[in-house]
Amino acid sequence: MPSSKPVCPAPEPAAAPSRGVGRLVPLTGITVRPHPDRVMLHRFLQELRLPLATIDSFLDLLLVQELPAPAQQALSSILENTRYLGQLVGDYAHFSRLEGDQVKPCPSRTSPLGWLEAILAPHTASAAELGLELAVVHRSFLPSVADFDAELASEALGAVLRTAMHRALPGEMQVRVSYQSGGGVGSEQPARLHFEVATQGGGFRELDQGYVFEAFHTTDAAQRPMLGLSVAQRLALLLGGELTIDSPGARSCSYRLSFLAPPAAGACWIDPMLGPDHSLGLIFPGLVLFAEVGNDNQLLCASPLRRAGYGVEFVVSLSALRARLGELRTELVSVVVDASLPGLDLSTLASELRELGCRGSILLLAGAPLQHEPVGCEAVLMTPIVASELVQRLQQRAQSDNRNATRLR
């Protein structure tokens, strides 16, 4: 169905892999081609959707009646073709919006496991009607929450599943799910969700594989044209991933879809077989920023923090601290500030952090016990700092934040 999402900044699309034989890779994008009747054609197809939906409803009513077997078969065939045509019209409308760059991804905190279960439920029922058994195979742990556009990702995976189901032979169709976690905070290696939809039959010849992403090139088992892969390929690019086809011949086919899905702040590893309530520990907790006159405490804590998955940075002045706060607001989990830092005003610093949208805590380093805990800091740590205590404090706070976020959802 066409997306009605607002326009948001889109990530740079991933470069398509190079292949050596002909044009065996997806196109890097869909460009608008001049067409004198484009607007009229688009309006005409939109107007078709209401009568098609009406026919669908009346056929459903007729099939409830007790009719002779030939009549039942004829009505079932009419209903199936009507639904096919309705889906094709919807895909064309979506294709037109993608072609005109009218759809942009808006990532948000999403539970990959919950999202996957919700999208697979209706497709499992559709697969059963075609004599297919949809089997989900989890090949890795998943993050409890990740940042990606759930609506566009659903459309991309749904388009792949529909195409695969209508080309495959009856039997088992596997959806293999895995997660590539990337390299953590500050890493250039992105975190991605990977899906491999493997079918029996419905494969493509090697020469066909470079053209399945073009409009109307792909067909279903009845040789009717399909737009699903054209839509899914463009959506994958918008989501920072790719869609490729691997098929040794007509007997089998693998559709491989991936898109960016970095773990959200405070995300934990979960085993999909156990469910979301069984946390296996934090993934990438985030960045700890030390602001102190010297770097003694940062040196004491750097190795233990990095072993626990945290990134570590160090600045020596309030001006440098403020500059980094603006750049790191989404990754920052804590600012460890030296009480002797010239010009320090903790309440002002805390206000600046919240105005930037940073959820990180402020921890104050003090060389001697303070009579009153300063306003704006979460806790006072005595120097020389004990690294294990800092790690434990950060992990406890992250787990608490994650529980609160889950409760709010």
Area accessible to solvent at Arg256, 1.4 Å probe radius, in Å²: 100
Scan the stretch 104-193 for trypsin sites (Lys or Arg not before Pro) in coil per DSSP, keeping those whose Cβ has at most 15 other Cβ atoms within 10 Å, and list them by number. Arg139
State in Å² the accessible area per residue of the stretch 238-361; use a 1.4 Å probe, count heavy atoms of protein chains only, and round to the nearest integer. 44
Heavy-atom SASA rank of His166, His278 (probe 1.4 Å, accessible area, largest first): His278, His166
Excluding Tyr179 itself, what net charge comes from residues whose Cβ is under 9 Å from its Cβ, given Lys and Arg +1 and Asp and Glu -1? +2
In whole percent, and with a 1.4 Å probe on the protein chains, what portion of the accessible area of the stretch 180-312 is carbon and sulfur? 50
Could you give the accessible area per residue of the stretch 104-201, probe 1.4 Å, as a whole number in Å²? 38
What is the percent carbon and sulfur in the accessible area of the stretch 67-172, measuring with a 1.4 Å probe over the protein chains and ignoring ligands? 59
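The values are calculated or read from the model by the stated rules, or taken from the named source; none is laboratory data. These numbers come from a predicted model, not from an experiment. Cβ coordinates were reconstructed from backbone atoms using ideal geometry, including for glycine residues, and neighbour counts include every protein chain displayed. Note: accessible area is taken over every heavy atom of the protein model, side chains too, but ligands, DNA and RNA are not part of it. Shrake-Rupley method; radii C 1.70, N 1.55, O 1.52, S 1.80 Å.
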